[in-house]
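First comes the structure, then the notes that go with it.
The values are calculated or read from the model by the stated rules, or taken from the named source; none is laboratory data. Just so you know, these numbers come straight off a predicted model, no measurement behind them. Cβ placement follows ideal geometry from the backbone for every residue including glycine, while neighbour counts extend to all protein chains displayed. Areas reflect the complete protein model, heavy atoms only, side chains present, ligands, DNA and RNA absent. Shrake-Rupley method; radii C 1.70, N 1.55, O 1.52, S 1.80 Å.
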Amino acid sequence: GAVVSQHPSRVICKSGTSVKIECRSLDFQATTMFWYRQFPKKSLMLMATSNEGSKATYEQGVEKDKFLINHASLTLSTLTVTSAHPEDSSFYICSAPIDRLAFFGQGTRLTVV
Amino acid sequence: AQSVTQLGSHVSVSEGALVLLRCNYSSSVPPYLFWYVQYPNQGLQLLLKYTSAATLVKGINGFEAEFKKSETSFHLTKPSAHMSDAAEYFCAVSKSGGSYIPTFGRGTSLIVHP
């Protein structure tokens, strides 16, 4: 199947700093990518839809200025967690659709200390 | 609107026993249905999908699921559990004729005892 690569897999950062997470579609072009957040023992919460060449669409309750999304090319979307705080610690997963299937990255475990 | 309900946050089986993970869906239009598996600290891997073709769908790792419209169910089964099957399993639904953004259930943790 299609491959979606997410980097880094783990990151620890200090409170107040920013962290960038990359999501790449390796063998196909993705005009749309999705960013999810997963809390412990919980399902995936869709945060936003990343659109190549245009602004991202955020779900209700997700802070646009906190979670900056950039989709500058057909194979790369980035999520930047700005001024991170411990409550932002979570597992973030990206996804790219192809042929009506969602393919997921490996996820990024963010720990803010 | 569409949604899925996974019955049981945890299912515990012995190695070699039948695995049954339950999923019921709600959708106003014919659905596409999926099962994904997630191992610790990893992303989601597609196990199998139903897209209005055969109602009995076979997936990877010996898993299969049957779409039952009358019961609005899409339960996941495997005849004989392996230790390596221990993971989190998510049922998901999307609209067949619209957005392909899946809506996920809360997940079922499969525990396999030796």
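So here's what we get for this one:
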| quantity | calculated |
| --- | --- |
| Accessible surface of B:Thr108 - all protein chains present, 1.4 Å probe, nearest 10 Å² | 0 Å² |
| Segment A:1-61 and segment B:42-113: distance between their alpha carbon centers, rounded to Å | 23 Å |
| Relative contact order of segment B:61-114, pairs being alpha-carbon contacts under 8 Å that are 6 or more residues apart, as % | 30 percent |
| Gaussian network model of chain A, Cα within-10 Å springs - most flexible of A:Lys64, A:Lys42, A:Lys20 | A:Lys42 |
| Listed residue pairs exceeding 31 Å between alpha carbons, taken from A:Lys41/B:Lys78; A:Lys66/B:Lys49; A:Lys41/B:Lys49 | A:Lys66/B:Lys49 |
| Cα gyration tensor shape of segment A:4-48, rounded if a/c is under 1.5, else prolate or oblate by comparing a/b with b/c | oblate |
| Relative contact order (percent, whole number), chain B, Cα cutoff 8 Å, 6+ residue spacing | 38 percent |
| Heavy atoms of B:Ile60: accessible area, 1.4 Å probe, square angstrom to 10 | 60 Å² |
| With all protein chains modelled, accessible area of B:Phe67 [1.4 Å, Å²] | 20 Å² |
| Sequence of B:Leu44, B:Leu56 from largest to smallest accessible area, 1.4 Å probe | B:Leu56, B:Leu44 |
| Shielding by partners, peptide A:38-46 (average Cβ within 10 angstrom, other chains) | 5 |
| Relative contact order (%) - chain A, alpha-carbon pairs under 8 angstrom, separation at least six | 37 percent |
